[in-house]
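Asks: This structure is in C-alpha coordinates; I'll ask about it shortly.
The values are calculated or read from the model by the stated rules, or taken from the named source; none is laboratory data. These numbers were taken from a predicted model, which means no experiment stands behind them. Backbone-built Cβ (ideal geometry, glycine too); neighbour counts: all protein chains shown. Only protein heavy atoms, including side chains, enter the accessible area calculation; ligands, DNA and RNA are left aside. Shrake-Rupley method; radii C 1.70, N 1.55, O 1.52, S 1.80 Å.
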Amino acid sequence: MFIGVKELEQHELTFQEEFAPGTVDFHSAEFRQTGPLQVTASAALEGDEIHIAGRLRTRLALPCARCLGPIERAVERRFELFYRPVASIRRDEEIELHDQDLDYGFYSGDGLFLADVVAEQVHLALPMKTVCSEECRGLCPHCGANLNRERCRCGSRPMDPRLAPLAEWLDRKKSQGAG
(Lines give C-alpha, C1' and ligand atoms only; values in the text may rest on other atoms or scores of the structure.)
Protein backbone atom coordinates (compact mmCIF):
# COMPACT_ATOMS: atom_id res chain seq x y z
CA MET A 1 0.00 0.00 0.00
CA PHE A 2 1.26 3.45 -0.95
CA ILE A 3 0.71 6.31 1.49
CA GLY A 4 0.53 9.27 -0.86
CA VAL A 5 0.72 12.95 0.01
CA LYS A 6 -1.97 13.85 -2.53
CA GLU A 7 -4.47 11.46 -0.97
CA LEU A 8 -3.55 12.62 2.54
CA GLU A 9 -4.26 16.20 1.46
CA GLN A 10 -7.85 15.07 0.86
CA HIS A 11 -8.41 12.94 3.98
CA GLU A 12 -6.75 10.91 6.74
CA LEU A 13 -6.12 7.24 5.90
CA THR A 14 -6.93 4.38 8.23
CA PHE A 15 -6.06 0.86 7.25
CA GLN A 16 -5.84 -2.71 8.38
CA GLU A 17 -3.42 -4.73 6.31
CA GLU A 18 -2.21 -8.29 6.53
CA PHE A 19 1.03 -9.31 4.85
CA ALA A 20 1.59 -13.03 4.27
CA PRO A 21 5.06 -14.46 5.02
CA GLY A 22 7.47 -13.63 2.23
CA THR A 23 5.64 -10.55 0.92
CA VAL A 24 7.57 -7.93 2.94
CA ASP A 25 11.26 -7.55 2.16
CA PHE A 26 13.01 -7.13 5.51
CA HIS A 27 16.45 -6.86 3.85
CA SER A 28 17.74 -9.36 6.41
CA ALA A 29 18.87 -12.96 6.45
CA GLU A 30 18.81 -12.95 10.27
CA PHE A 31 15.12 -13.81 10.59
CA ARG A 32 12.08 -14.81 8.59
CA GLN A 33 8.40 -14.15 9.04
CA THR A 34 6.43 -17.30 9.97
CA GLY A 35 2.95 -15.88 10.55
CA PRO A 36 0.82 -13.17 9.01
CA LEU A 37 2.01 -9.62 9.66
CA GLN A 38 -1.04 -7.68 10.82
CA VAL A 39 -0.91 -3.89 10.74
CA THR A 40 -3.55 -1.45 11.98
CA ALA A 41 -2.66 2.21 11.52
CA SER A 42 -3.70 5.68 10.48
CA ALA A 43 -1.85 8.28 8.44
CA ALA A 44 -2.42 12.02 8.30
CA LEU A 45 -0.71 14.99 6.72
CA GLU A 46 0.40 17.69 9.18
CA GLY A 47 1.81 20.54 7.11
CA ASP A 48 4.24 18.74 4.82
CA GLU A 49 4.89 15.94 7.33
CA ILE A 50 3.30 12.51 7.21
CA HIS A 51 2.25 11.27 10.66
CA ILE A 52 1.66 7.51 10.96
CA ALA A 53 0.47 5.84 14.18
CA GLY A 54 -0.47 2.22 14.66
CA ARG A 55 0.50 -1.24 15.79
CA LEU A 56 1.77 -4.44 14.26
CA ARG A 57 1.81 -8.10 15.20
CA THR A 58 3.55 -11.14 13.67
CA ARG A 59 5.68 -14.22 14.40
CA LEU A 60 9.33 -14.55 13.42
CA ALA A 61 11.84 -17.40 13.28
CA LEU A 62 15.41 -16.48 14.18
CA PRO A 63 18.52 -18.15 15.56
CA CYS A 64 19.53 -18.14 19.22
CA ALA A 65 22.44 -15.75 19.74
CA ARG A 66 24.26 -18.34 21.90
CA CYS A 67 23.63 -21.79 20.38
CA LEU A 68 22.25 -20.83 16.93
CA GLY A 69 19.24 -23.11 17.50
CA PRO A 70 15.93 -22.05 15.96
CA ILE A 71 13.56 -19.83 17.96
CA GLU A 72 10.09 -18.64 17.10
CA ARG A 73 8.97 -15.37 18.72
CA ALA A 74 5.81 -13.29 18.69
CA VAL A 75 6.47 -9.65 17.87
CA GLU A 76 4.11 -6.83 18.77
CA ARG A 77 4.85 -3.15 18.55
CA ARG A 78 3.05 0.17 18.73
CA PHE A 79 4.56 2.98 16.70
CA GLU A 80 4.15 6.69 16.09
CA LEU A 81 6.23 8.07 13.25
CA PHE A 82 6.80 11.39 11.53
CA TYR A 83 8.21 11.71 8.03
CA ARG A 84 9.43 14.93 6.43
CA PRO A 85 10.06 15.40 2.72
CA VAL A 86 13.72 14.77 1.90
CA ALA A 87 13.67 18.05 -0.02
CA SER A 88 13.34 19.85 3.34
CA ILE A 89 16.97 19.00 4.14
CA ARG A 90 19.27 21.86 3.30
CA ARG A 91 22.39 20.32 1.85
CA ASP A 92 24.48 23.48 1.56
CA GLU A 93 25.12 24.06 5.26
CA GLU A 94 25.96 22.11 8.37
CA ILE A 95 23.20 21.86 10.93
CA GLU A 96 23.16 20.68 14.51
CA LEU A 97 20.74 17.86 15.30
CA HIS A 98 18.59 18.13 18.40
CA ASP A 99 16.89 15.30 20.31
CA GLN A 100 13.53 15.94 18.64
CA ASP A 101 15.17 15.63 15.19
CA LEU A 102 15.84 11.97 15.90
CA ASP A 103 12.09 11.27 15.85
CA TYR A 104 11.81 12.03 12.14
CA GLY A 105 12.30 9.96 9.03
CA PHE A 106 12.23 11.19 5.46
CA TYR A 107 10.28 10.40 2.33
CA SER A 108 11.04 11.31 -1.24
CA GLY A 109 8.65 11.92 -4.08
CA ASP A 110 4.91 11.63 -3.50
CA GLY A 111 4.90 9.53 -0.32
CA LEU A 112 6.07 6.20 1.05
CA PHE A 113 5.17 2.52 1.07
CA LEU A 114 3.58 0.97 4.13
CA ALA A 115 5.67 -2.20 3.69
CA ASP A 116 8.90 -0.19 4.10
CA VAL A 117 7.60 1.45 7.27
CA VAL A 118 6.48 -1.90 8.69
CA ALA A 119 9.77 -3.65 7.83
CA GLU A 120 11.69 -1.01 9.77
CA GLN A 121 9.36 -1.34 12.76
CA VAL A 122 9.76 -5.13 12.84
CA HIS A 123 13.55 -4.68 12.97
CA LEU A 124 13.19 -2.20 15.83
CA ALA A 125 10.90 -4.57 17.74
CA LEU A 126 13.58 -7.26 17.93
CA PRO A 127 15.98 -7.35 20.87
CA MET A 128 19.67 -7.01 20.04
CA LYS A 129 20.27 -10.58 21.18
CA THR A 130 17.60 -13.26 21.31
CA VAL A 131 18.29 -16.46 23.26
CA CYS A 132 16.32 -19.70 23.35
CA SER A 133 16.46 -19.65 27.16
CA GLU A 134 18.38 -17.83 29.87
CA GLU A 135 20.06 -21.15 30.72
CA CYS A 136 21.39 -21.61 27.17
CA ARG A 137 25.05 -22.62 27.37
CA GLY A 138 25.83 -21.81 23.73
CA LEU A 139 28.50 -23.33 21.53
CA CYS A 140 32.03 -24.34 22.47
CA PRO A 141 34.25 -21.66 20.91
CA HIS A 142 36.83 -24.31 19.94
CA CYS A 143 35.00 -27.39 18.64
CA GLY A 144 31.54 -25.90 18.02
CA ALA A 145 29.64 -28.44 20.13
CA ASN A 146 26.19 -27.31 21.26
CA LEU A 147 26.75 -27.38 25.02
CA ASN A 148 22.99 -27.71 25.65
CA ARG A 149 22.94 -31.15 23.98
CA GLU A 150 26.44 -32.58 24.21
CA ARG A 151 29.74 -32.37 26.00
CA CYS A 152 32.62 -30.47 24.52
CA ARG A 153 34.82 -32.70 22.32
CA CYS A 154 38.01 -30.69 22.56
CA GLY A 155 39.09 -31.78 26.08
CA SER A 156 41.38 -29.59 28.12
CA ARG A 157 43.10 -26.86 26.20
CA PRO A 158 46.27 -25.09 27.22
CA MET A 159 45.63 -21.79 28.96
CA ASP A 160 46.34 -18.60 27.08
CA PRO A 161 49.52 -17.25 28.73
CA ARG A 162 48.02 -13.76 28.78
CA LEU A 163 45.41 -15.05 31.25
CA ALA A 164 47.95 -16.62 33.65
CA PRO A 165 47.92 -13.63 36.06
CA LEU A 166 44.13 -13.85 36.26
CA ALA A 167 44.30 -17.60 36.98
CA GLU A 168 46.83 -16.98 39.76
CA TRP A 169 44.61 -14.28 41.25
CA LEU A 170 41.60 -16.64 41.18
CA ASP A 171 43.63 -19.41 42.85
CA ARG A 172 44.67 -17.00 45.63
CA LYS A 173 41.05 -15.90 46.13
CA LYS A 174 39.92 -19.54 46.38
CA SER A 175 42.63 -20.43 48.89
CA GLN A 176 41.83 -17.33 51.02
CA GLY A 177 38.13 -18.21 51.04
CA ALA A 178 38.80 -21.83 52.02
CA GLY A 179 41.02 -20.94 54.96
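Asks: I need two numbers for segment 91-151: Rg to one decimal and Dmax as a whole number, Cα atoms only, in Å.
Replies: For segment 91-151, the Cα-based Rg and Dmax read 21.3, 61 Å.
Asks: GNM on the chain, C-alpha springs below 10 Å: top fluctuator among Pro36, Pro21, Pro161?
Replies: Pro161
Asks: Please give the solvent-accessible surface of Glu134 in Å², to the nearest 10, using a probe radius of 1.4 Å with every protein chain present.
Replies: Roll a 1.4 Å probe over it and Glu134 shows about 140 Å².
Asks: Let's see if you can work this out: charge +1 on each Lys and Arg Cβ, -1 on each Asp and Glu Cβ, no other charges. What is the dipole magnitude of segment 23-75 about its Cα centre, in debye to the nearest 20?
Replies: Charge dipole, segment 23-75, about its Cα centre: 480 debye, nearest 20.
Asks: Report D for the chain in µm² per second (integer): Stokes-Einstein, Kirkwood Rh on Cα pairs, 37 °C, 0.692 mPa s. All intermediate terms of the calculation are to be shown ahead of the outcome.
Replies: Working: Rh = 20.7 Å.
Translational diffusion coefficient: 159 µm²/s.
Asks: Residue farthest toward the positive end of the dipole of the chain, with Cβ of Lys/Arg at +1 and Asp/Glu at -1: which of Phe19, Gly105, Leu81?
Replies: Going by the Cα projections, it comes out as Phe19.
Asks: What accessible area per residue, rounded to a whole number of Å², is obtained for segment 101-150 using a probe radius of 1.4 Å? Spell out each step's value before the answer.
Replies: On the way: 3100 Å² over 50 residues.
Result: 62 Å² per residue.
Asks: Can you tell me the convex hull volume per residue for segment 22-95, based on C-alpha atoms, in Å³ to the nearest whole number?
Replies: Given the Cα convex hull of segment 22-95, per-residue volume reads 163 Å³.
Asks: Mind checking which lysines have their C-alpha under 18 Å from Lys129, skipping anything on the same chain fewer than 8 residues away?
Replies: List returned: none.
Asks: Could you order Arg151, Arg66, Arg137 by accessible surface area, starting with the largest, using a probe radius of 1.4 Å?
Replies: From most accessible down to least: Arg151, Arg137, Arg66.
Asks: Using a 1.4 Å probe over the heavy atoms of the protein chains, calculate the carbon and sulfur portion of the accessible area of segment 1-67 as a whole percent.
Replies: 45
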